[in-house]
Amino acid sequence: MTPATRQEVLGLYRKVLQIAKSWQSASGQIEETMREREYIRNEARTLFRKNKNVTDPKLIKQCIEECEARIEIGLHYNIPYPRPIHLPPMGLAHKQGRTLRHQEKLRKISKPIYLKSHDEVS
């Protein structure tokens, strides 16, 4: 990892922790705010530790993009949790002879960047 990339990753980690510190839930309830703050800290800690040994520059860039996307989406919608994709169970398959395996491949390809690591962790 280059020093510039390392600084960018550490900056993102600090940014996430600052967001967690000042986070207010949409409902304004103290218990919910505390739960969401704890979720943000735990999620960041888990994902950053899981990816600390990644050395491939393309994979590092993908992780950085995912982090930035999750930050922006969380701040925009005021929810700390990743937004699920809403696809009907067989919504992507053609009606003629597509197998379930192909359906799963299409579903995986259509998954947004901000959900790539969420399934691996949870």
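At pLDDT below 90, touching a helix residue (DSSP H, G or I) at 6+ places or on another chain (Cβ under 6 Å) and on the phi < 0 side of the Ramachandran plot, is that true of E66?
It is true that E66 is at pLDDT below 90, touching a helix residue (DSSP H, G or I) at 6+ places or on another chain (Cβ under 6 Å) and on the phi < 0 side of the Ramachandran plot.
Take the residues of segment 69-82 that are part of a loop (DSSP other than H, G, I, E, B) and out of contact with any helix residue (DSSP H, G or I) (no Cβ under 6 Å at 6 or more places or on another chain): which is modelled with the highest pLDDT?
Only one residue fits best here, namely N78.
Going by the structure shown, is I30 aliphatic (A, V, I, L, M) and surrounded by 11 or more Cβ atoms within 10 Å (Cβ to Cβ)?
Judged against the criteria, I30 is not a match.
Tell me which residues, restricted to segment 18-27, are surrounded by 16 or more Cβ atoms within 10 Å (Cβ to Cβ) and out of contact with any helix residue (DSSP H, G or I) (no Cβ under 6 Å at 6 or more places or on another chain).
I19
Within the set of pairs 6+ apart or on separate chains, which have a first residue in segment 35-50 that is part of a helix (DSSP H, G or I), a second that is not small (G, A, S), and C-beta atoms under 6 Å apart?
If the second residue must be not small (G, A, S), the pairs left are E36/W23; E36/P80; R37/W23; Y39/P80; I40/P80; A44/V16; T46/V121; F48/Y13.
With the requirement that a residue be of a type in the set (A, V, I, L, M, F, W, C) and loosely packed, with under 13 Cβ neighbours inside 10 Å, what does segment 51-74 give you?
L59
Taking the options R45, R35, R6, name whichever one is within 21 Å of P82 (Cα to Cα), open to solvent by 90 Å² or more (accessible area, probe 1.4 Å) and among the basic types (K, R).
R35
The values are calculated or read from the model by the stated rules, or taken from the named source; none is laboratory data. Note that the structure is predicted; figures quoted are calculated from it, not measured. When we count neighbours, we look across all protein chains shown, and the Cβ atoms used for this are built from the backbone with ideal geometry, even at glycine. The protein model used for the area step is the full one, side chains on, heavy atoms only, and it has no ligands, DNA or RNA in it. Shrake-Rupley method; radii C 1.70, N 1.55, O 1.52, S 1.80 Å.
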